[in-house]
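**Student:** Below are the structure tokens for one structure; questions will follow.
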Amino acid sequence: MDATSFILPLAEITIAGAIINASVHFVPVGGAPAAMATSTGVGTGTTQLAAGAGFTGLLAAATMASQAGVSLANPVHMLLIMLSGAVGAMIMLGLTMLIGQIIYVYGIGIVPAADKCEKDPITGDIQKPYITPGTTGHGIPTVCFVSGSIGAALGGLGGALAYIALQQLGFAAAIAGVLAVGFFFMNAVLASYNIGGTIEGFHDPKFKKMPNGVIASFVSSLIAGAVLIGMAMGL
């Protein structure tokens, strides 16, 4: 491979990192308080939830890429691989939010309510009267579910794009998958540091911090891409 053949994979890796970072800011994460239904979102960490969806997307993308007749040189096939990643991630996170919601509503007995908005931007439902005193919301309101689905789709797209770039660099499917997982985690952690705790979704004031995280991932992914190219060249 000559130097010019590395330009496209490097660009794809860099863009993928920025997309992954952006995706994490959409995911509704309530941390430990949400596990006790005292905060809006899913009761786990930002990195864990985003990475879980991203890994599922990577598996879906890798499965599509391994199908007979699928070629990375075909733009339509590349799009199918990326869409497979998006759908896989959306299914994983969608089911996670759905099961969590069932437990919150029927197990704990709370009304899903967002603390960071007066009205749900999707349904227009008023939120504040339904928030239990002493909590910062609970459950997964409609706006959080929609935001999480968008984040999962973006994460799946970004992860799939990174996987495609790694295969274009000549890495075997298994190695490309392992490297893509590490790459996803790197950008998810950067996003988590940028958020600094919990986030409800695109309606949360912390969402405005996303550009800083995207820039950080853009730079770090560019460096990571250069390292991966060096590995592909045997340096």
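**Student:** Using only the alpha-carbon atoms, how far is helix 210-232 inclined from the longest principal axis of the chain? Give it as 0 to 90 degrees, nearest 10.
**Tutor:** With both axes taken from Cα atoms, the answer is about 30 degrees.
**Student:** Return one number: the angle in degrees, 0 to 90 and rounded to the nearest 10, between the long axis of the Cα atoms of helix 75-102 and the longest principal axis of the Cα atoms of the chain.
**Tutor:** For 75-102 against the chain, the angle is about 20 degrees.
**Student:** Can you give the calculated 222 nm mean residue ellipticity of the chain, where each DSSP H run of n ≥ 4 adds -39,500 (n - 2.57) and the sum is split over every residue, rounded to the nearest 500 deg cm²/dmol?
**Tutor:** Helix contribution divided over all residues of the chain: -21000 deg cm²/dmol.
**Student:** In whole angstrom, note down how far apart the Cα centers of segment 164-225 and segment 66-138 are.
**Tutor:** Comparing the Cα centres of segment 164-225 and segment 66-138, I get a distance of 19 Å.
**Student:** Over the Cα atoms of the chain, compute the convex hull volume and normalise it per residue, giving Å³. Before the final figure, lay out the partial values.
**Tutor:** Numbers: hull volume 27.0 nm³, N = 235.
Residue-normalised Cα hull volume stands at 115 Å³.
**Student:** Just to be sure I understand the model, the point goes 7 Å from the Cα along the line to the Cβ. What's the resulting Met231 to Val111 distance in nm?
**Tutor:** Calculated label separation equals 5.1 nm.
**Student:** Given Gln168, Phe184, Gly107, which one lies farthest toward the positive end of the charge dipole of the chain, if we put +1 on the Cβ of every Lys and Arg and -1 on the Cβ of every Asp and Glu?
**Tutor:** Gly107
**Student:** Select from Met210, Ile140, Thr56 the residue farthest towards the positive end of the dipole of segment 15-232; place +1 on Cβ of Lys and Arg, -1 on Cβ of Asp and Glu, and compute about the Cα centre.
**Tutor:** Final value for the positive-end residue is Met210.
**Student:** If I fit a long axis through the Cα atoms of helix 142-168 and take the longest principal axis of the Cα atoms of the chain, what angle between them do I get, 0 to 90°, rounded to 10?
**Tutor:** Roughly 10 degrees, rounded to the nearest 10.
**Student:** Charges at C-beta only: +1 for Lys and Arg, -1 for Asp and Glu. How large is the resulting dipole of segment 15-232 about its Cα centre, in Debye rounded to 20?
**Tutor:** Computed charge dipole of segment 15-232: roughly 200 debye.
**Student:** So if the hydrodynamic radius of segment 59-125 is defined as the Kirkwood radius over C-alpha pairs, what does Stokes-Einstein give as its diffusion coefficient at 25 °C and 0.890 mPa s, in µm² per second?
**Tutor:** 165 µm²/s
A short reminder: the numbers here are calculations on the coordinates, not readings from a lab. This structure is a prediction, so every number in the text was calculated from the model and none was measured. Backbone-built Cβ (ideal geometry, glycine too); neighbour counts: all protein chains shown.
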